[in-house]
Amino acid sequence: MAKKPSGRRRADVEINILESFELRSRRSVRESEKRKQTRRALRAEKKAAKLDQKYFAANPPSNPMTAITQIVPAVAKQPIRKRQNFRTGLVQIVTAGVIATVALPAYAYSPAISAQLGLTNSALDSEQSITLTKLTANSFERGSFGMMSAADLERMNIRNEVRAYSGLTAIDYAASPSYDSLNPDDIMKVAAKYLGVPYVLGGEVPTGLDCSGYTRLVFAQFGVLLPHSVWAQSHDPRVVRIPRDQAKPGDLVILNNLSHEGIYAGNGMFWHAPRPGDQVKLAPIFTDSYFIARVVK
């Protein structure tokens, strides 16, 4: 049970209660007075109406127009849709819309329709051809359909480009490396070469890379073929863990939980392939839970 207030606090509580009661009382008095005034005004109006009725009954108006007692029927209004002016205006609007649609330039249509009808504009041929290439690159089966977001369509196109890649791979580079030694400046040049390559889970080719596929492709060009896995690379005998204060550009930045890695670029920055929807880029190391490892031959 709550303790009953006592002393000065109890007095303050009693004063607050009295003030609240007083405020409610004043409000009730004002509302009651307003209701009385409203009732008096209604009674006065009714009384005035009765007096007017008696007066006009005893003294009918002298103007014959005001003495007409016959009810004149109201004239029925014609619906708007049946009025001639409305119909004429509607026809003009529809006609103008049809003319404006026919007069649209070719680029107002979708690229596929423009190409089929031969309506392409010479100034826009290059843009339309690019769009048409993306449209025709996708194959559809008869009887199947569905909706796809722009992001999903872009990811599908990237995966198709990765599967269709036929150039040099990490294995090819490792078999015939472009560089003899692991020079930090050369590692930075090769790492920057893949700026903007989209992230693809499991990707290790220049058309799509994930974090370990990126480091694998870079160091393969120096004759070191690392495994395609953060865990496997961190346990590879050619990857040696070193203190942070000894880090230099070209070393590996590996998260402590082995969920991600990149290539150290100095000044707290690293090259990495972040996540789906992103691309290879130079960015600040976003966490303090990481260690440095150096690739050796």
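FYI, it's all coordinate maths here, none of it is from the lab. Small disclaimer: the values here were computed from a predicted structure and weren't measured. Backbone-built Cβ (ideal geometry, glycine too); neighbour counts: all protein chains shown.
Test of understanding: ordering M156, M188, M269 by Cβ neighbours within 10 Å, fewest first, what list do you get? Please list the in-between numbers first.
Working: M156 13, M188 19, M269 16.
Placing the least packed residue first, the sequence is M156, M269, M188.
How are the alpha carbon pair distances in region 241-289 distributed across 10 Å bins from zero to the largest one, expressed in percent?
Values per bin, smallest distances first: 26, 60, 14, 1.
Using a 10 Å cut-off around each Cβ, can you sort W271, W231 from fewest to most neighbouring Cβ atoms?
Numbers: W271 25, W231 12.
Ranked by crowding around the Cβ, least crowded first: W231, W271.
Using the Cα atoms of region 193-286 to build a convex hull, what is its mean projected area in square nanometres?
Numbers: hull surface 22.8 nm².
Convex hull of Cα atoms, orientation-averaged projection: 5.7 nm².
Name the long-range amide H neighbours of Y290: under 5 Å, sequence gap of 5 or more, or other chain; modelled H, no Pro or chain starts.
N256
May I ask you to evaluate 6.51 cos²θ - 1.76 cosθ + 1.60, the Karplus curve with θ = phi - 60°, for each residue of region 263-278 and list the ³J(HN,Hα) values in order in whole Hz, giving x for glycine and proline?
10, 5, 10, x, 6, x, 10, 8, 8, 7, 9, x, 6, x, x, 10
Taking the number of other C-beta atoms within 10 Å as the exposure measure, put D172, D245 in order starting with the fewest.
Numbers: D172 11, D245 6.
Starting with the residue having the fewest Cβ neighbours, the order is D245, D172.
Mind checking the full-extension length gain between D152 and K50? Use 0.36 nm per residue of separation minus the Cα-Cα distance, one decimal, nm.
Gain in length upon complete extension: 28.8 nm.
Taking a virtual spin label 7 Å from the Cα of Y179 along the C-beta vector, which residues in region 210-224 bring their backbone nitrogen under 13 Å of it?
Taking a point 7 Å out along Cα→Cβ of Y179, the residues of region 210-224 whose backbone N falls under 13 Å are 215-224.
Tell me which residues come under 5 Å, amide H to amide H, from V200 once H is placed; ignore anything under 5 positions away on its chain.
Under 5 Å from the amide H of V200 lie the amide H atoms of L209, D210, each far enough along the sequence or on another chain.
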